[in-house]
Structures are given as structure tokens and as C-alpha cells.
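Read-outs throughout are calculated quantities, based only on the coordinates presented, and are distinct from any laboratory measurement. Keep in mind that this is a model prediction, so the values were computed, not measured.
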């Protein structure tokens, strides 16, 4: 009987493997798409704040404006690296570290309500612009410290108790990002079902092993 269970477990693991491979490809695809999105978003949003608070911009020296533009350009240039560091975490992607009791709906997207687990990570990427806006006093605080600024660009960091920069306002993902997560979710639902079956088979194998060992040992009396 144990041999039959081993074979059943092997078949299910073979069924799970290509799903996890595809999910990893989708993760990489989402990271690329988010990098493209974030780089453009940094530039567009910086200009919005320049226009939103003209008195601050007009009160800055040309040298100071030049320094701010340099920091924003550096942020844009490093977007790929930033996105990979934040979005490549196993905490965000079930297939990297499969977990038995995760919600089946954690990657579900309804209209413009994105999966919180990934939305929080994307907002953390975008929130890094807030560090620059705070430095140049554009009524933003991203450091997590108390202040009298108008906008609070920070939230609890992913998988941590400390705060991290985070964009707090409405944000719209690109169509490509949304479609990639929808496909990831479809694979996730299938993979979770197979993974659960594997766990049940392994539990049954352990039960049988325990009973077999019990029956094989002579009583001490």
C-alpha cells in the first residue's frame, strides 16, 4: 500500500511541477512589466507634484532643482533593480514557497481592486519617489516619522514590523500587469488544489507507517 501511495504522490508532484514553472515565468514577467510601469510613473508623478506645489518649485534655486532632477533620474535608472529587490520575495509568490493554508483568493483581482499581497509591493516600489519629495519638502513624508506634512507615504513593510515608503493614493496598473496576475491566479488555484492532494496523500502515508510500526512491535508485557 505504501508503494501505491508513493506512486500517487509522485504523479501529483509531476502534475504540480509545470504549474510552478509557469508561475515562476509569470512572476518574472510581472516584474518586468512593473519596472516599465514604475519608471514612467516616477517621471509623470514627479511632474505632477512640481505643478501641484508651484510655490515650492519657484522658491528653489536652479542648483537645488538640478539636484532633485538628478535624484529622480537616478531613481528611474535604478527601477529594474528596485523592482527586483522588492517583488522577487518568496513572501509574495506562493509557488516559491508553497503554503498549505493560504487563502485561495489571495491573487484574485476584482475590477480595479488588485490582490493586496502584490498591490502592497507595487506601492512600496512607487513610494520611493516619496523619499525624494519629502527631502525637497513637497508636503510628503515617507520616512515613517511623525510630522505635519499633508501626505503620509509609508506603510508597514512586506514581511516586517517596520514601516517603508508606500504610495497611498489611487494607482492603476497597466493592462499587461493585470493580465499577468490573472493568469498567475488561474495557475495558483490549480496548483493549490494539487498541492493539497499531495499533502493528504503524505498524511495518509504517515498514518499507515505509524500503524505498521505499531503492529510490528511486540508488547513489553
*In Å and whole numbers, how far do the C-alpha atoms of the chain stretch along each principal axis, longest first?*
91, 41, 28
*For the chain, find the longest principal axis of its Cα atoms and tell me its angle to the long axis of helix 116-135, 0 to 90°, nearest 10.*
30
*Compute the Cα gyration tensor for the stretch 95-154, then decide on rounded, prolate or oblate, letting a ≥ b ≥ c be the square roots of its eigenvalues: rounded whenever a/c is under 1.5, prolate when a/b is larger than b/c in the other cases, and oblate in all that remain.*
prolate
*asked:* I'd like the orientation of helix 2-52 relative to the chain: the angle between its Cα long axis and the longest Cα principal axis, in ° from 0 to 90, rounded to 10.
replied: 10
*In a Gaussian network model over the chain where Cα atoms closer than 10 Å are linked, find which of 37, 53, 195 has the largest mean-square fluctuation.*
53
*What does the helix-only formula give at 222 nm for the chain: each DSSP H stretch with n ≥ 4 adding -39500 (n - 2.57), the total divided by the residues, and the result rounded to the nearest 500 deg cm²/dmol?*
-23000 deg cm²/dmol
*So what are the three principal axis dimensions of the stretch 128-186 from its Cα atoms, in whole Å, longest to shortest?*
44, 25, 15
_Based on alpha-carbon centroids, what's the gap between the stretch 162-185 and the stretch 1-18 in Å, whole number please?_
36
*Averaging sequence separations of C-alpha pairs under 8 Å and six or more residues apart, then dividing by the length of the chain, give the relative contact order as a whole percent.*
28
*Given the options 200, 170, 126, which has the most mean-square fluctuation in a GNM of the chain, springs set between C-alpha atoms less than 10 angstrom apart?*
170
*Given the options 168, 98, 90, state which has the largest fluctuation in a GNM of the chain using a 10 Å cut-off (strictly under) for Cα springs.*
90
_Report D for the stretch 34-116 in µm² per second (integer): Stokes-Einstein, Kirkwood Rh on Cα pairs, 37 °C, 0.692 mPa s._
206
